[in-house]
């Protein structure tokens with residue numbers, strides 16, 4: 001027994017040593033890995049952009065947290081254009097894909113520095129509450145109503161989105177709704193509102209999922225759904241759904257327009273927000289060069305987003321909530 | 001190791017639409033987060049289980065039922081709780097942990113601790129009373145008795161750690177919420193794990209790649225189990 005006790009003490013000792021070593025290594029490792037997250041980025045971009053920026057911009061090594069929508073993220077657009085920004089400033093961008101509602105909520109809690117979303121009503125509310133500033137129109141595409149090729153509700157080619165929805169409701173044809181407070185979901189609810197129909201019943205299913213998932217569900221169930229054109233195009237080869245009602249890009253009704261906006265989190269509300277970098281990002285992404293990159297970005301051979309930040313006649317309404325006037 | 005599925009999966013792996021380093025980086029993040037979380041959990045859980053196995057105190061049954069409830073705690077709820085804690089508005093907000101691996105470790109620690117504690121406790125209490133008595137009769141102290149019990153219970157404790165690891169690495173809800181599923185634009189994972197990568201692929205309808213990533217996850221869990229069982233057979237505690 002005493003032998004065992006001695007062994008035990010030895011084991012405890014070794015264990016403690018190992019534990020301490022593990023801990024110091026762990027914290028070291030943690031720092032290191034976090035460091036390598038940042039410094040790795042920094043090194044990478046430094047080595048690639050060192051030539052021009054020896055004294056480097058003051059933001060080098062920082063991280064910009066961008067909350068955005070699944071529709072911008074899943075199309076691969078951000079991955080395609082962000083290296084340019086990261087090289088230019090020696091920073092890294094953490095893009096977190098959420099729905100528009102969740103993206104704004106994360107920013108509202110001060111957990112992101114900048115938001116890129118597509119629901120003007122929610123963006124306006126965000127600005128009015130003081131959380132977002134310096135909003136810019138960024139780009140647009142449009143929504144399309146997609147459905148099975150046999151089109152049980154007979155909406156193909158309709159020129160009115162609201163009539164199409166009414167027809168779907170009248171036929172009680174299966175319809176998949178995002179149901180997740182995203183930009184697309186918000187648009188869909190606005191459309192039902194405009195159609196004067198209150199959707200409900202077995203045929204109307206709220207999935208509470210991202211656009212890609214909603215398209216999959218609609219595909220499997222032969223249902224209609226409202227999709228942004230970008231996600232639909234990037235996923236079209238995987239599914240059998242087809243566009244039945246076009247948006248404005250395909251000469252459809254203007255009500256299906258899908259404008260994206262970008263805005264910085266107000267540093268007056270959240271003083272930890274990386275405002276400098278957020279503004280640098282807004283300046284970068286609304287610049288002619290990057291707007292052209294957005295325009296050139298294709299998936300399955302089709303353009304997904306149409307830039308609208310650069311204009312001879314800037315639309316001043318883009319900076320302020322809808323209906324705002326200085327007399328308020 | 002079953003070879004045939006691996007062979008079938010190979011073409012799919014070759015056609016992976018992923019950039020170099022992407023898959024290895026998400027495997028790295030998965031293992032990094034889960035192993036640290038489970039190690040921390042084990043450091044807390046096993047002593048707690050041993051003390052609870054040896055000491056009787058009032059409210060012990062209550063503590064037990066709290067631990068058992070913790071085993072069934074939904075991971076999204078844990079994710080939300082950790083989110084509230086590490087969010088800029090939360091008590092730990094100033095540490096800026098949100099969307100980092102550290103936040104993911106926190107949530108997995110919360111998830112893994114209850115099963116490791118509960119299963120270890122069951123293993124410790126499952127050691128027959130007469131083993132304990134024999135140790136005392138042979139002149140051992142309480143400490144010696146405890147050692148004998150740990151030695152007898154080592155398989156159970158190993159199972160507990162594996163269960164905790166299984167829960168941590170296969171969990172998707174909380175790491176998605178507190179980690180944010182981030183990769184940098186060069187395709188290297190920052191907070192994307194195998195599970196959140198599967199979720200992302202499934203969201204985009206790429207079920208085949210999702211399945212392949214899922215198979216990788218299963219293979220890793222299998223490997224870890226094999227290693228631990230082997231260690232238990234040869235190296236074992238106190239042999």
Going through the stretch B:74-107 in order, the residues found to be more than 14 Å from chain A (Cβ to nearest Cβ) and either touching a strand residue (DSSP E or B) at 6+ places or on another chain (Cβ under 9 Å) or crowded, with 17+ Cβ neighbours inside 10 Å (or both) are B:75, B:78, B:81, B:107
Residue hits (the stretch A:202-215; within 11 Å of another protein chain (Cβ to nearest Cβ) and modelled with pLDDT under 90) are A:209, A:210, A:211, A:212, A:213
Restricting attention to the stretch B:174-197, the residues that are assigned to a helix (DSSP H, G or I) and surrounded by fewer than 21 Cβ atoms within 10 Å (Cβ to Cβ) number exactly 0
By residue number, the members of the stretch B:27-49 that are buried (at least 20 other Cβ atoms within 10 Å of the Cβ), within 14 Å of another protein chain (Cβ to nearest Cβ) and more than 13 Å from the chain's Cα centre (by Cα) are B:29, B:46
Going through the stretch B:10-26 in order, the residues found to be surrounded by 13 or more Cβ atoms within 10 Å (Cβ to Cβ) and either at pLDDT 55 or above or within 14 Å of chain A (Cβ to nearest Cβ) (or both) are B:16, B:18, B:19, B:21, B:22, B:23, B:25, B:26
Within the stretch B:201-227, of all residues that are modelled with pLDDT under 85 and either more than 14 Å from chain A (Cβ to nearest Cβ) or not in a helix (DSSP H, G or I) (or both), the one surrounded by the fewest Cβ atoms within 10 Å (Cβ to Cβ) is B:206
Counting only residues that are within 14 Å of chain B (Cβ to nearest Cβ), in contact with a helix residue (DSSP H, G or I) (Cβ under 8 Å, 6 or more places away or on another chain) and part of a strand (DSSP E or B), the stretch A:90-147 contains a total of 9
How many residues of the stretch A:67-85 are assigned to a strand (DSSP E or B) and within 10 Å of chain B (Cβ to nearest Cβ)? The answer is 1
For residue A:283, the lone unmet condition from (1) under 24 Å from residue A:74 (Cβ atoms); (2) not in a loop (DSSP other than H, G, I, E, B) is (1)
Taking residue B:212, is it within 18 Å of the chain's Cα centre (by Cα) and in contact (Cβ under 8 Å) with a residue 12 or more places away in the chain?
no
- prompt: Based on what the data block shows, is residue A:181 modelled with pLDDT of 95 or more, surrounded by fewer than 21 Cβ atoms within 10 Å (Cβ to Cβ) and touching a helix residue (DSSP H, G or I) at 6+ places or on another chain (Cβ under 8 Å)?
  reply: no
Scanning the stretch A:175-198 for residues that are in a loop (DSSP other than H, G, I, E, B) and out of contact with any strand residue (DSSP E or B) (no Cβ under 7 Å at 6 or more places or on another chain) gives A:178, A:180, A:181, A:196, A:197, A:198
Note on residue A:223: of the conditions (1) within 12 Å of another protein chain (Cβ to nearest Cβ); (2) over 21 Å from residue A:118 (Cβ atoms); (3) in contact with a strand residue (DSSP E or B) (Cβ under 6 Å, 6 or more places away or on another chain), unmet is (1)
Residue B:135: passes all of (1) in contact (Cβ under 8 Å) with a residue 12 or more places away in the chain; (2) within 14 Å of another protein chain (Cβ to nearest Cβ); (3) within 14 Å of residue B:47 (Cα to Cα) but (3)
Of A:313, A:300, the only residue that is more than 30 Å from residue B:93 (Cβ to Cβ) and more than 14 Å from every other protein chain (Cβ to nearest Cβ) is A:313
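The values are calculated or read from the model by the stated rules, or taken from the named source; none is laboratory data. All of these numbers come straight from a predicted model, not from anything done at the bench. As a convention, Cβ positions derive from the backbone with ideal geometry for all residues, glycine included, and neighbour counts pool all protein chains shown.
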